[in-house]
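Visitor: Okay, here's the structure, questions in a sec.
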Amino acid sequence: MEIEPHTLALVKQRLDEAERNIQYVRQVIEGSVEVSAERREHDEEDYEISGERIVEGVFDGQNMQGNDGQEYPVPPNYASKSKLVEGDVLKLTVGADGSFVYKQIKPIDRVRAVGNLVVDEQGNFGVDAEGKIYKILLASVTFYKAEEGDEVTVLLPENGEAEWGAVENVMHR
C-alpha cells in the first residue's frame, strides 16, 4: 500500500507533535520545570500551601518561552482552539499532581490576513498571505479539515514580524 505525500506529511507532523509532548512530559518527570527565584520568593506561601508552581511566558507560535529561560511546549490543540498568536502572554500552572494548565493572560493586539493554504516539501503547512508564508499548526489544519488551496484567515500580531499565524477560519474551495 502506497501512502500519498499529503498523508505522509500529516503523519510526520503528528509524530513531531508527539515527540514535543513526550519531551514536555519528561521535563515534568525530571523536575526541570522550575519557577524563577523572584517569583518563588514572591509566592513562597502560595507554593507551600498549594504545591503549585507558576511560570509566565510569551507564546512563540508553538511553545511558551518562560520568564525562567525555559521553553515549554504548548499543546497544539489548546493553541489552535484558543487562537494563540505570537506575543500572547501565557501563564502555566504546574499542579502538585504534575498537571499542567495553560491560560492566556494577556493577548497581543491582532490583525487578520487572508491567504491560501500551502504545503512545503517537508509536509509543513502554511498560509501564503500578503506575500509571505506564515506557518500554522497541524491541529488547526485537521480541526478545520483544510486542504491545500483552501482560503484561510489567519490572526497575526499587529506590530512586528511573525512566523506563525493562528487560523481563524477556513473557506473550502
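Read-outs throughout are calculated quantities, based only on the coordinates presented, and are distinct from any laboratory measurement. On a predicted model such as this, the values are computed, not experimentally measured, just so you know. In this analysis, Cβ positions are derived from the backbone assuming ideal geometry, glycine residues included, and neighbour counts consider all displayed protein chains.
Visitor: With a ≥ b ≥ c taken as the square roots of the eigenvalues of the C-alpha gyration tensor of the stretch 110-171, please select rounded if a/c is under 1.5 and otherwise prolate if a/b is larger than b/c or oblate if it is not?
Guide: Verdict is prolate for the stretch 110-171.
Visitor: A follow-up question, please. I need Val141, Val58, Val152 ordered by Cβ neighbour count within 10 Å, fewest first.
Guide: In order of increasing Cβ crowding within 10 Å: Val58, Val141, Val152.
Visitor: Using θ = phi - 60° and the Karplus curve 6.51 cos²θ - 1.76 cosθ + 1.60, what whole-Hz ³J(HN,Hα) does each residue of the stretch 89-100 get, with Gly and Pro shown as x?
Guide: For the stretch 89-100, the Karplus-derived couplings read 8, 10, 10, 10, 9, 9, x, 4, 8, x, 6, 10 Hz, x marking Gly and Pro.
Visitor: Within straight cross-link reach of Lys91, meaning Cα distance under 28 Å, which lysines are found once same-chain residues fewer than 8 apart are removed?
Guide: Within the straight-line cut-off, Lys91 pairs with Lys81, Lys83, Lys103, Lys106, Lys135.
Visitor: Return the long-range amide H neighbours of Val167 (sequence gap of 5 or more, or a different chain), with a cut-off of under 5 Å between placed amide H atoms.
Guide: Distant-sequence amide H within range of Val167: Leu137, Leu155.
Visitor: Run the quick spin-label model on Asp128 and Asp109: label points 7 Å from Cα toward the beta carbon, then report their separation in nm to one decimal.
Guide: 3.1 nm
Visitor: Give me the base-10 log of I(q)/I(0) for the stretch 48-173 at each q in 0.16, 0.20, 0.21 Å⁻¹, Debye formula, one uniform scatterer per Cα, rounded to two decimals.
Guide: Values returned for q = 0.16, 0.20, 0.21 Å⁻¹ are -0.75, -1.06, -1.13.
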